[in-house]
Each structure stands twice: as structure tokens, then as C-alpha cells.
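To start, the structure under review is shown below, and the notes come after it.
What follows draws every value from the coordinates through simple rules; no lab data is involved. Just so it is clear, the structure is predicted and the values come from calculations on it, not from any experiment. Ideal geometry is used to build each Cβ from the backbone, glycine not excepted, and the neighbour counts take in all protein chains shown.
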Amino acid sequence: MVTLEISMIDSKELVHRKRILQSVFGLTKSQVECFEKLRAIGSKGTCVQNLVDTTASERSVEQKKLKKLLNLGLVTRESLSLSEFQDRCRRNNRTDLAPDSKKGYLYIYSAITDEELLEKMQKILYNWLKFMEKDLLRSDIEDISHSNQNA
């Protein structure tokens, strides 16, 4: 099993990993921070409001980050009715998070597993490598073709 455990990584390695996530997935620093927060929360996930409360950020800003992460497949989203969410909060002894109303719904966001993240990164890098090989091969053929024409 592959793990990218934050507590086992020194600050240099953490910065390096964040840069890799930025490069491979085209994420901003704040999107990487959002992803890392979701990873730290674990598989239970969290709602947008909890992210807003912990970042002192606007709700719409956090929603945009989550939308990008969701579109890239780095997070999952589960829809829960507010009554289901209240029940889940009670089961996890987190009644402080439970909303007062039972009407409506909310989304719970969770980061993908380390294995899924590694698989996505490998796929993107493999596709990039194949593209570069084709591009370099095409470039080499064009160079040879131009050399032959000029000779």
C-alpha cells in the first residue's frame, strides 16, 4: 500500500510534493492547500462551510477550489440531506457541526486515496511522456527531412 503520510514527511519534502501536485494537475497553491486539508480530514470528509471556517476564506472561493479538484477527480462529493448529516454528526460525537435545520441538503467532500492519487499522477505523466515522444520523433523527422532537402 502506498502512503503519502504528511506526518512522516519533513517540510522540504512536503513543499516538493505540493509543487509536484501543482505541476502535474495544474493547481494553484491555494487549491493544493485545500486538497491537503481534505487529505488531513480523512475519508469522513467535510462540507464547504467547515473549510470556510478553518481558512477564513469566502464560501465562493472554497467552492471554486473544490470544483476544480472535483473536475480533476482529486476529490469525491457526496450529497446528504441535513437530517442524515445531523445523524452522522451525532454518531461521530460532533454535534457542534450539525446544522439546526433538517430541511435541505449539503455536499460532503473527501480527498481520493493515496493509491488513487498515485494512479492519476502516473496516468498523466505517462500520457505526457507519450506525447513528448511523438512530438520529439516528429521534430526529429522534420529535421532530417529539412537536412535532406538542403543537401
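Near E78, within a Cβ-to-Cβ distance under 11 Å, what is the net charge of the other residues, with Lys and Arg +1 and Asp and Glu -1?
Value of the local net charge: +2.
Determine, for I124, I112, the number of other Cβ atoms within 10 Å of each Cβ, and report the residues in order from fewest to most.
Ascending Cβ contact count within 10 Å gives the list I124, I112.
Just want the ordering: T54, T46, from fewest to most Cβ atoms lying within 10 Å of their own Cβ.
Placing the least packed residue first, the sequence is T54, T46.
Residues with beta-carbon under 10 Å from that of Q49, excluding Q49: net charge, scoring Lys, Arg +1 and Asp, Glu -1?
-1
Tally Lys/Arg at +1 and Asp/Glu at -1 over every other residue whose Cβ is under 13 Å from the Cβ of F131; what's the total?
Local net charge: +2.
Take the cross-link list K18/K68; K29/K134; K37/K120; K64/K134; K12/K134; K67/K123 and give me the ones stretching past 28 Å between alpha-carbons.
Pairs exceeding 28 Å: K29/K134; K64/K134; K12/K134.
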